[in-house]
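The values are calculated or read from the model by the stated rules, or taken from the named source; none is laboratory data. Keep in mind that what you see is a predicted model, and the values were worked out from it rather than measured. Here the Cβ positions follow ideal geometry from the backbone for every residue, glycine too, while neighbour counts run over all protein chains shown. Side chains included, ligands, DNA and RNA excluded: accessible areas come from the protein's heavy atoms. Shrake-Rupley method; radii C 1.70, N 1.55, O 1.52, S 1.80 Å.
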Amino acid sequence: MSYAAHMLCFTSDVWEVDMPPGHRFPMSKYKKVRKAVQTHINDSEQQIQCDFRVSPLATFEQISTTHCTEYIRRYLSGHMTEAENRNIGFPWTLQHVNRTLSSTGGTLAAACDAYEEYIRRCNTLELDDSDDQTDNAHLCWSAHVAGGTHHAFRDYGEGFCIFSDIAVAANVLLQKFPHQSSTADPTTKSKGIRRILIIDLDVHQGNGNAALFQGNDKVQTFSVHCRSNYFSKKEHSDLDIELPAGSTDDTYLTTLKHWLRRIEEHPFDDDSDQQGKKCQRQKPFDFIFYQAGVDIHKDDRLGRLSISQEGISKRNHLVFDFADRMRAPLVICMGGGYPKDDWAPILTAHAGVYIEAHQYLSSFGRDLT
């Protein structure tokens, strides 16, 4: 039995936020992008269904897997200082609390959906982490038309980020689906999540996630960003790739392709048994998050790279191909994108990430099971 593909989208734009006049954050982009994606997918003749669900609100317990409990309490109750709110970039309102919890909860729900579907398929096929290349059980992708808040730290936020949705989702996954070693029986496949990869392709470094997972070998952070676009202290991801300001498609895509291949070939595990004999190599990642910021676009107001829409589409496909080769479920998050006067290029780039993911999965055909 061979599965085709599975995709589910979570959306947070039901939680509207009244922004101060002239505020530079494009809050209304979320609904605009969601409508564009939903319309395109519903009107298309693609072979797989993609349902849209409202993102649930993350709970205190879920967020506390990642963030300081006192920080969470102060934010939820409106006891942040003016300096803290300025550092985040938003005034505190109850509207924004609900939007923030939804932004975190949507990515978490997407991650749980993708991995639970993967487990269901593996149990049905009795393959688990099979290397049978005819099986597509891993093509369980979910998306959040929001999220990617990668500038949130354990006890403070910055850069329009309060909580790190990806970090919370990763930590909950590791708690909910712990790795179960198969050392008692070498012929039995291991189950659960051993290692997660975060691919962060926003124009800014994923500094919050880099700090949150510093020294944690269960979550690997990979960030490709602009060298001259740091607005706070540089952190250290497991792999940081800096590109010079003004980089164009060729430089960006060649660099990304090279480092994805290097990650794929990296010996994350010792492939030898106790007698020193070579064993079958385990796949390096059991789950992948893709922070698909489009502020690398040449028309982005805050970005300093010069990537075309075609280049962003090729970037997306490099990540999709990588996730397929890794045979790991994937969650896609929105990330940054800051329009100038004409919003069309940034909205098109954001929507393209999700539309192209759906098209990619549709190329594998219908799920007939």
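What tally of residues in segment 117-142 results from selecting those that are modelled with pLDDT of 95 or more and not aromatic (Phe, Trp, Tyr)? Qualifying residue count, segment 117-142: 1. Selection of segment 208-220 for residues being open to solvent by 10 Å² or more (accessible area, probe 1.4 Å) and either on the phi < 0 side of the Ramachandran plot or among the basic types (Lys, Arg) (or both) yields Ala211, Leu212, Gln214, Asn216, Asp217, Lys218, Gln220. Within segment 92-105, being touching a residue at least 24 places away in the same chain (Cβ under 8 Å) and either open to solvent by 60 Å² or more (accessible area, probe 1.4 Å) or within 23 Å of Ile166 (Cβ to Cβ) (or both) holds for Gln95, His96, Asn98, Arg99, Thr100, Leu101, Ser102, Ser103, Thr104, Gly105. For segment 309-335, a residue qualifies if it is within 22 Å of Arg227 (Cα to Cα), in contact with a strand residue (DSSP E or B) (Cβ under 8 Å, 6 or more places away or on another chain) and among the small types (Gly, Ala, Ser), and exactly one does: Gly335. Picking from residues in segment 29-51 that are surrounded by fewer than 18 Cβ atoms within 10 Å (Cβ to Cβ) and among the hydroxyl-bearing types (Ser, Thr, Tyr), the one that is nearest to Ser103 (Cα to Cα) is Thr39.
Looking for something outside any loop (DSSP other than H, G, I, E, B) and exposed (fewer than 14 other Cβ atoms within 10 Å of the Cβ) - is there at least one such residue anywhere in segment 52-66? Yes - at least one qualifying residue is present in segment 52-66.
Yes/no matrix, rows are residues, columns are (1) more than 20 Å from the chain's Cα centre (by Cα); (2) closer than 23 Å to Lys176 by Cβ:
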| site | (1), (2) |
| --- | --- |
| Tyr3 | yes, yes |
| Val14 | yes, no |
| Val17 | yes, no |
| Arg24 | yes, no |
| Gln38 | no, no |
| Gln49 | yes, no |
| Leu57 | no, yes |
| Thr65 | no, yes |
| Cys68 | yes, yes |
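Evaluation of Ser228 against the conditions (1) of a type in the set (Ser, Thr, Tyr); (2) over 19 Å from the mean Cα position of the chain (by Cα); (3) at pLDDT 95 or above; (4) not in a helix (DSSP H, G or I) shows that the sole unmet condition is (3).
I need the full set of residues from segment 348-369 which are at pLDDT 95 or above, open to solvent by 10 Å² or more (accessible area, probe 1.4 Å) and of a type in the set (Val, Ile, Thr), in order please. Listed by number, the residues that qualify are Thr348, Ile355. With respect to the conditions (1) more than 17 Å from the chain's Cα centre (by Cα); (2) farther than 14 Å from Val145 by Cβ, Leu347 falls short on a single one, namely (2). Taking (1) touching a Cys at 6+ places or on another chain (Cβ under 8 Å); (2) β-branched (Val, Ile, Thr); (3) open to solvent by 40 Å² or more (accessible area, probe 1.4 Å) in turn, Thr254 satisfies each apart from (1). Restricting segment 1-13 to residues that are of a type in the set (A, V, I, L, M, F, W, C) and modelled with pLDDT of 95 or more, the residue that is surrounded by the fewest Cβ atoms within 10 Å (Cβ to Cβ) is Leu8. Against the test of being modelled with pLDDT under 95, of a type in the set (D, E, K, R) and either over 20 Å from Ile166 (Cβ atoms) or within 20 Å of the chain's Cα centre (by Cα) (or both), the options Lys298, Lys283, Lys257 yield a single qualifying residue, Lys283.
For segment 297-306, a tally of residues being closer than 13 Å to Thr348 by Cα and crowded, with 24+ Cβ neighbours inside 10 Å returns 1.
Flag: Arg86 does not match the condition of being charged (D, E, K, R), modelled with pLDDT of 95 or more, open to solvent by 60 Å² or more (accessible area, probe 1.4 Å) and within 29 Å of Arg325 (Cα to Cα).
For segment 228-269, the set of residues classified as hydrophobic (A, V, I, L, M, F, W, C), under 27 Å from Asp299 (Cβ atoms) and either without any contact (Cβ under 8 Å) to a residue 60 or more places away in the chain or touching an Asp or Glu at 6+ places or on another chain (Cβ under 6 Å) (or both) consists of Ile241, Trp259, listed by residue number.
Restricting segment 231-260 to residues that are of a type in the set (Ser, Thr, Tyr) and assigned to a loop (DSSP other than H, G, I, E, B), which is farthest from Ile312 (Cα to Cα)?
Going through segment 231-260, the residues of a type in the set (Ser, Thr, Tyr) turn out to be 232, 237, 247-248, 251-252, 254-255.
Of the ones still in play, those that are also assigned to a loop (DSSP other than H, G, I, E, B) are 232, 237, 247-248.
Values: Ser232: 26, Ser237: 22, Ser247: 13, Thr248: 11 Å.
Ranking the candidates gives Ser232 first.
I'd like the full set of residues that are open to solvent by 30 Å² or more (accessible area, probe 1.4 Å), in contact with a strand residue (DSSP E or B) (Cβ under 7 Å, 6 or more places away or on another chain) and over 16 Å from Leu212 (Cβ atoms), limited to segment 223-247. Matches in segment 223-247: Arg227, Glu242, Ala245. Close Cβ contacts (under 9 Å, 6 or more residues apart or on different chains) running from residues in segment 190-205 that are small (Gly, Ala, Ser) to residues that are buried (at least 24 other Cβ atoms within 10 Å of the Cβ) comprise Gly192/Asp286.
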